[in-house]
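The values are calculated or read from the model by the stated rules, or taken from the named source; none is laboratory data. On a predicted model such as this, the values are computed, not experimentally measured, just so you know. Here the Cβ positions follow ideal geometry from the backbone for every residue, glycine too, while neighbour counts run over all protein chains shown.
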Amino acid sequence: MKKLLLFVVALLAIQVVGAARCGDIVIGNETVTEDLHCFEGIRLAHGASLDCQEHWINGDHAMNNVGITIVGNQGQVRNCNLRDFGVAIQSQWDEDIVIEDVTIETSTVGIGLSRTVRTVIQGVTMKDVGRGIWAVGANDLMISDGEFDTSETAVRLEGSAAVAMDDLKISDSTMGVNVIYSGDIHASGLEIKDTDRGVVVSNSEMVRLSSSKVANSKFCVEGKDSRWLTLENSVLTDCLTGINIKGSNHTVISGNFILDSESFGIDALRSEDMLIGGNMIQGSGKTNVLLSYDNKVSIHKNIISNANFGIFIANDDRVKLTQNLIRGHKTGVWLDSSGKTSVMGNIMQNNLNDLDGYKADALVTGNHFYSEIPFGIREGIVMAFNWLRYPIQLIEF
């Protein structure tokens with residue numbers, strides 16, 4: 001009888017060990033076995049693993065209340081649902097962290113990272129969260145397979161490096177992805193819609209956005225004061241401006257579909273060393289490509305159609321327009337107060353006026369003009385070896 005009693009006690013002890021509760025410090029592998037309401041969250045020690053088994057950990061709406069805090073390296077959080085926290089999951093100065101298959105609702109910050117190294121965040125769902133993932137000084141971070149409905153920003157990177165984002169769906173947020181003072185950032189497979197600003201990159205370098213979709217935003221993509229920004233093979237539709245670049249250097253915009261922007265397809269201001277190549281830019285309300293005070297820009301092999309202005313170049317220097325198809329505009333190309341501009345080998349069709357300009361130092365050669373009024377000749381434009389569908393009609397000024 002005594003041996004049987006000891007066996008039952010031991011069995012009960014085995015069943016109790018490993019069940020994490022509010023205020024616990026998890027050591028080793030533990031699970032959550034029921035829904036919890038926590039005024040004090042759960043902390044993970046070095047090497048600890050927490051599996052919530054789809055149970056909910058509920059907070060008290062307090063700004064300083066953290067649901068799960070990782071306080072050691074190699075922490076793992078899986079299958080957890082959290083709501084009503086200031087920060088749902090937090091990790092600082094930790095390495096080799098895994099956060100997987102987590103749902104977070106009605107919290108100020110979903111996941112907060114500070115100075116972490118080698119972090120994997122996969123399969124997260126966030127709803128009614130202020131900032132989804134907020135990473136400050138993170139290095140070697142991977143975020144994949146997530147869905148975000150946030151009131152502020154879905155993913156915010158500050159001072160972070162070596163970050164990869166893939167297969168994220170973001171909607172109804174003020175800002176989709178915000179990259180600040182960061183470098184070596186790669187994002188692909190993003191789907192962002194119904195945001196005020198889709199992707200915003202500022203004071204950063206080596207940022208690449210590829211194979212993504214952004215729709216119904218004030219600005220689909222913004223790049224400010226950044227270097228080596230690449231935007232490629234993406235679809236940007238129904239935004240006020242498709243791509244807005246300001247004060248940036250070494251920007252590549254290639255292989256994109258930029259469609260039905262309310263104002264501008266591409267708007268570049270005071271930027272340098274830019275390639276705009278192989279894009280389809282169509283249906284902008286005002287201008288498909290607007291350049292202002294830029295330097296060393298190549299616009300090459302694009303299909304540009306159906307706007308008031310196809311390409312409007314004002315106060316720029318050393319711009320090259322080569323082998324583009326420009327059609328269906330009131331004015332195909334407008335050159336205004338620009339220096340050392342080359343317009344070579346382009347085809348211009350179905351424009352009311354193919355080429356116009358004012359006080360531009362421009363060489364126009366090897367182009368095919370199909371409009372009845374191919375161009376207005378103004379000060380500084382030199383034309384040679386162009387093919388004209390209709391006889392020249394000089395416009396006097």
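Of the numbered conditions (1) surrounded by fewer than 17 Cβ atoms within 10 Å (Cβ to Cβ); (2) at pLDDT 90 or above; (3) more than 27 Å from HIS250 (Cα to Cα), MET348 satisfies every one except a single condition; which is it?
Here MET348 clears every test but (1).
Could you pull out the residue among ALA135, ALA154, ALA164 that is surrounded by fewer than 17 Cβ atoms within 10 Å (Cβ to Cβ) and either small (Gly, Ala, Ser) or over 15 Å from the mean Cα position of the chain (by Cα) (or both)? Break it down stepwise before answering.
Numbers: ALA135 fails: surrounded by fewer than 17 Cβ atoms within 10 Å (Cβ to Cβ); ALA154 fails: surrounded by fewer than 17 Cβ atoms within 10 Å (Cβ to Cβ).
Answer to the selection: ALA164.
Run GLY47 past the list (1) of a type outside the set (Ser, Thr, Tyr); (2) modelled with pLDDT under 95; (3) farther than 21 Å from VAL124 by Cα and report the number of the one that doesn't hold.
Failing condition for GLY47: (2).
Among the listed residues MET165, MET142, identify the single one that is touching an Asp or Glu at 6+ places or on another chain (Cβ under 9 Å), over 24 Å from SER261 (Cα atoms) and in a strand (DSSP E or B). I'd like the intermediate steps shown before the answer.
On the way: MET165 fails: touching an Asp or Glu at 6+ places or on another chain (Cβ under 9 Å).
Answer to the check: MET142.
Could you count how many residues in region 333-375 are in a strand (DSSP E or B) and in contact with an Asp or Glu (Cβ under 6 Å, 6 or more places away or on another chain)?
Narrowing region 333-375 to residues in a strand (DSSP E or B): 333-336, 339, 341-344, 347-349, 353-358, 362-365, 368-369, 375.
Checking which are in contact with an Asp or Glu (Cβ under 6 Å, 6 or more places away or on another chain) leaves us with 334, 339, 348, 358, 369, 375.
Matching residues across region 333-375 total 6.
Inside region 77-95, can you point out the residues that are surrounded by fewer than 19 Cβ atoms within 10 Å (Cβ to Cβ) and in contact (Cβ under 8 Å) with a residue 24 or more places away in the chain?
Keep residues of region 77-95 that are surrounded by fewer than 19 Cβ atoms within 10 Å (Cβ to Cβ), which gives 78-79, 92-93, 95.
The answer is ARG78, ASN79, GLN92.
Can you tell me which residue is modelled with the lowest pLDDT among those in region 376-397 that are assigned to a loop (DSSP other than H, G, I, E, B) and either surrounded by 15 or more Cβ atoms within 10 Å (Cβ to Cβ) or aliphatic (A, V, I, L, M) (or both)? Give the derivation first.
From region 376-397, those assigned to a loop (DSSP other than H, G, I, E, B) are 376-380, 385-386, 389-397; that's our starting set.
Within this subset, residues satisfying the condition of being either surrounded by 15 or more Cβ atoms within 10 Å (Cβ to Cβ) or aliphatic (A, V, I, L, M) (or both) are 376-378, 380, 386, 392, 394-395.
Details: GLY376: 69, ILE377: 57, ARG378: 59, GLY380: 63, ASN386: 79, ILE392: 52, LEU394: 44, ILE395: 41.
The extreme case among them is ILE395.
Using beta carbons and a limit of 7 Å, which pairs, at least six apart or on different chains, have the first residue in region 96-109 and under 15 Å from CYS80 (Cβ atoms) and the second one polar (S, T, N, Q)?
ILE97/SER91; ILE97/THR116; ILE97/THR119; VAL98/GLN76; GLU100/GLN122; ASP101/ASN79; THR103/ASN81; THR103/THR125
Any residue in region 110-137 that is on the phi > 0 side of the Ramachandran plot sitting within a Cβ distance under 6 Å of a residue that is assigned to a strand (DSSP E or B) and buried (at least 18 other Cβ atoms within 10 Å of the Cβ)? List the pairs, counting only those 6 or more apart or interchain.
Listed pairs, sorted by first residue: ASP128/GLU105.
Return the residues of region 179-236 that are among the basic types (Lys, Arg) and either buried (at least 24 other Cβ atoms within 10 Å of the Cβ) or in contact with a Phe, Trp or Tyr (Cβ under 8 Å, 6 or more places away or on another chain) (or both); say none if nothing qualifies.
Looking only at region 179-236, we keep the residues that are among the basic types (Lys, Arg), and these are 193, 197, 208, 213, 218, 224, 227.
Correct list: ARG197 only.
Any chance region 315-324 includes a residue that's out of contact with any Asp or Glu (no Cβ under 8 Å at 6 or more places or on another chain), closer than 11 Å to ALA362 by Cα, modelled with pLDDT of 95 or more and hydrophobic (A, V, I, L, M, F, W, C)?
Among the residues of region 315-324, at least one is out of contact with any Asp or Glu (no Cβ under 8 Å at 6 or more places or on another chain), closer than 11 Å to ALA362 by Cα, modelled with pLDDT of 95 or more and hydrophobic (A, V, I, L, M, F, W, C), which makes the answer yes.
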